Amino acid sequence: MKNLLKFIKGYKMVFIVAVISVIGATAMQVTVPILIKYAVDSVIGTEDPGKMTFIMNTFGRNIISVVLLITAVSFIRGLLMFIKGYLSNYAAENIVENTRNKLFKHIQDLPFEYHSKRETGDLIQRCTSDLEMIRKFLSIQIVDLGRIIFLVSLSIAVMLSLNVKLTLYAIILIPIIFIFCFLFFGSIQKQFKIADETEGELTTVLQENLSGVRVVRAFGREKYEIDKFDKVNEKHRAISFKLMEFLAMFWSFSDLMTYFQNAITLIVGAKMAINGEITLGTLIAFMTYETMLIFPVKQLGRMLSELGKTTVSVSRIKAIFEEPTERVYDNECEPEIKGSIEFDKVSFQYHDGNQALNEISFKVEAGQTLGILGSTGSGKSTLVNLLQRLYEYEGHIKIDGIELNTIKKPWIRSKIGLILQEPHLYAKTVGENIGIISPSFSESQIKRAAETASIHNDIMAFKEGYETTVGEKGVSLSGGQKQRIAISRTIIDDQKPILIFDDSLSAVDTETDMKIRRALKQRAGQSTEIIISHRITTLSESDYIIVMDEGQIIQRGTHDSLIQEEGVYKRIWDLQQLAVI
């Protein structure tokens with residue numbers, strides 16, 4: 001509850017007014033049985049009205065006046081309940097909207113390493129279902145807690161004023177029901193957490209399948225995916241069914257206890273009415289109050305069940321907020337970036353102990369092109385990740401002579417253009433994807449970038465040209481077309497002094513590769529380029545080339561010098577030349 005109450009910060013007054021409204025509505029609700037007792041005993045019967053004499057003096061001794069009073073009281077109660085519902089829902093919707101925005105922003109600020117270890121489906125679950133659970137609790141349950149406390153307290157107070165003996169019989173089982181509710185809440189909370197986690201697993205499997213539907217179809221893995229989903233779905237069903245069994249036991253026991261409590265009140269009250277200890281109106285009032293007491297007790301069970309779910313949701317969201325964001329220091333700078341890059345004995349090791357880089361050293365002057373060749377797992381992508389400050393490193397990385405870890409992360413990343421082997425495109429038009437960095441790019445700038453990336457002719461061949469919608473993740477495009485659109489999207493911004501091509505020409509043919517490199521060469525001097533590729537023709541015109549293996553540089557030099565030197569570079573070059581022949 002302490003963590004949950006943090007969510008209502010800024011809306012406490014709204015909830016206070018909602019609680020006041022529900023207290024007023026509860027007072028109106030408790031008044032109705034008193035009016036019914038008065039009607040039965042003093043209007044229909046001949047009992048002394050006692051404290052209700054003022055009603056008889058004001059409206060006369062007739063049933064119509066009682067009916068009108070009950071109608072008026074019920075109308076006021078309905079109005080107050082409307083105010084309560086409106087305010088609590090208004091506050092809950094705004095709280096969840098603000099929390100969702102803060103949560104999304106926090107996720108954006110989390111380190112790259114966090115995202116590399118987390119399942120996307122689980123994060124989606126926390127940002128949607130968990131927040132929805134909190135919204136429901138804030139809009140309904142939290143205000144009703146005040147209503148339950150006030151209704152139980154006021155009902156018992158009125159019942160005691162009517163008859164102490166019957167009141168004791170009427171509440172004899174209620175403490176047992178309360179204790180059972182709290183014990184149940186303690187035992188069920190773990191089941192809610194497990195059910196929530198299995199639902200997150202289910203979401204992850206579904207998300208992965210939908211994202212990789214082309215791979216699934218290409219390899220005929222539909223049956224495997226169906227079996228995998230069925231397995232996770234069965235696990236979720238089993239956990240949910242077990243949870244339902246717990247809830248069924250709770251509701252069955254609580255219903256049994258509440259009906260037994262009603263029976264005790266009715267039997268004892270009827271006997272007392274027959275013996276003349278209470279009036280018939282008092283018995284009717286007691287049975288009405290008994291219903292008022294039993295309903296909050298049963299609702300408390302439901303509230304505790306919802307609180308159990310909400311507590312789990314709060315803890316899952318709180319866990320994200322407790323994750324430290326990328327550290328930003330006040331002394332970090334925003335220097336002018338020209339593009340000179342120097343690695344001096346740079347090493348990096350992942351948390352799993354894998355040594356990705358081992359004392360890497362090289363230097364690239366501003367405006368030059370660096371080519372990187374290496375097998376999978378040689379450390380090429382890790383090197384690029386360090387350059388973007390996605391991880392902390394050992395040694396020295398200098399940009400224009402300035403230590404990289406003294407430059408603000410958002411600043412250096414804004415100066416680096418990155419094109420990945422598997423680019424992410426949005427379900428927008430081709431033109432929107434190319435100019436997505438900024439809405440200020442003109443149509444001519446978009447076309448010029450497309451021409452440089454050798455994709456303009458392909459786009460014009462589409463039925464709607466640059467207005468063609470590419471579908472989610474560019475599903476309607478080929479791999480080469482997606483890569484070239486991603487290149488266009490990056491080079492359209494002339495303010496990127498460093499461009500990184502992480503095997504981003506792998507899906508284009510050799511001729512198109514050559515056209516793109518020629519177009520990029522015309523931009524020579526504008527940006528420092530780092531080209532990672534397995535195709536040596538792509539690297540051949542680089543000013544400087546390094547060959548990596550197991551986190552180390554094993555060869556370095558120009559294309560002409562490396563093909564004359566025995567080693568990996570020459571061996572791959574010879575193999576690729578034979579493939580061409």
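The values are calculated or read from the model by the stated rules, or taken from the named source; none is laboratory data. Just so it is clear, the structure is predicted and the values come from calculations on it, not from any experiment. A quick note on method: Cβ atoms are made from the backbone with ideal geometry, for glycine too, and the neighbour counts reach across all protein chains shown. The protein model used for the area step is the full one, side chains on, heavy atoms only, and it has no ligands, DNA or RNA in it. Shrake-Rupley method; radii C 1.70, N 1.55, O 1.52, S 1.80 Å.
For the pair K363 and D543, the difference between a 0.36 nm per residue extended length and the Cα-Cα distance amounts to 63.7 nm.
For T311, the solvent-accessible surface with a 1.4 Å probe is about 40 Å², rounded to the nearest 10.
Against the chain, whose longest principal axis comes from its Cα atoms, helix 280-322 is set at around 10 degrees.
Applying 1/(1 + (r/R0)^6) with r as the Cβ-Cβ distance of E565 and L110 and R0 = 56 angstrom yields a FRET efficiency of 0.80. Across the protein chains, with a 1.4 Å probe defining accessible surface, the residues I419, I436 rank I436, I419 from largest area downward. Note on I55: accessible area is roughly 10 Å² with a 1.4 Å probe, heavy atoms of protein only. Per residue, the solvent-accessible area of region 513-576 (1.4 Å probe, heavy atoms of protein chains only, all protein chains present) comes to 49 Å².
Taking only protein heavy atoms and a 1.4 Å probe, the accessible area of the chain is 58% carbon and sulfur.
In terms of the mean number of neighbouring beta-carbon atoms within 10 Å, the peptides 394-407, 29-42 order highest first as 29-42, 394-407. Quick one: helix 510-521 against the long Cα principal axis of the chain, what's the angle to the nearest 10°, folded into 0 to 90? Helix 510-521 sits at roughly 90 degrees to that axis.
Restricting the calculation to Cα atoms, the chain yields a radius of gyration followed by a Dmax of 36.0, 120 Å. When nucleic acids and ligands are ignored and a 1.4 Å probe is applied, D549 ends up with an accessible area of around 60 Å². Counting only alpha carbon atoms, the long axis of helix 174-211 and the longest principal axis of the chain meet at about 30°. Label positions at L575 and Q445, each projected 7 Å from the Cα along the C-beta direction, are separated by 4.3 nm.
Where does region 73-187 land on the Kirkwood hydrodynamic radius, alpha-carbon pairs, in angstrom?
Answer for region 73-187: a Kirkwood hydrodynamic radius of 18.3 Å.
If you wrap the Cα atoms of region 252-354 in a convex hull and average its projected area over all directions, you get 16.1 nm².
Under a model in which nothing but the beta-carbon of Lys, Arg (+1) and Asp, Glu (-1) is charged, region 179-319 shows a dipole of about 400 debye around its Cα centre.
Calculated FRET efficiency, D494 and T468, Cβ-Cβ r, R0 22 Å, to nearest 0.05?
Numbers: r = 25 Å, r/R0 = 1.16.
Between D494 and T468 the formula returns 0.30.
Entry note: region 355-509 has Rg to Rh equal to 1.00, where both radii use alpha-carbon atoms and Rh is the Kirkwood radius.
Pairs over the 29 Å Cα-Cα cut-off, from the set K102/K408; K117/K447; K380/K515: K117/K447. Dividing the helix sum by the residues of the chain, where each DSSP H run of 4 or more adds -39500 (n - 2.57), gives a mean residue ellipticity at 222 nm of -20000 deg cm²/dmol. Calculated accessible area for region 407-459 comes out at 49 Å² per residue, all protein chains present (probe 1.4 Å; ligands, DNA, RNA ignored).
Per residue, region 91-222 exposes 51 Å² of solvent-accessible protein surface, assessed with a 1.4 angstrom probe and all protein chains in place.
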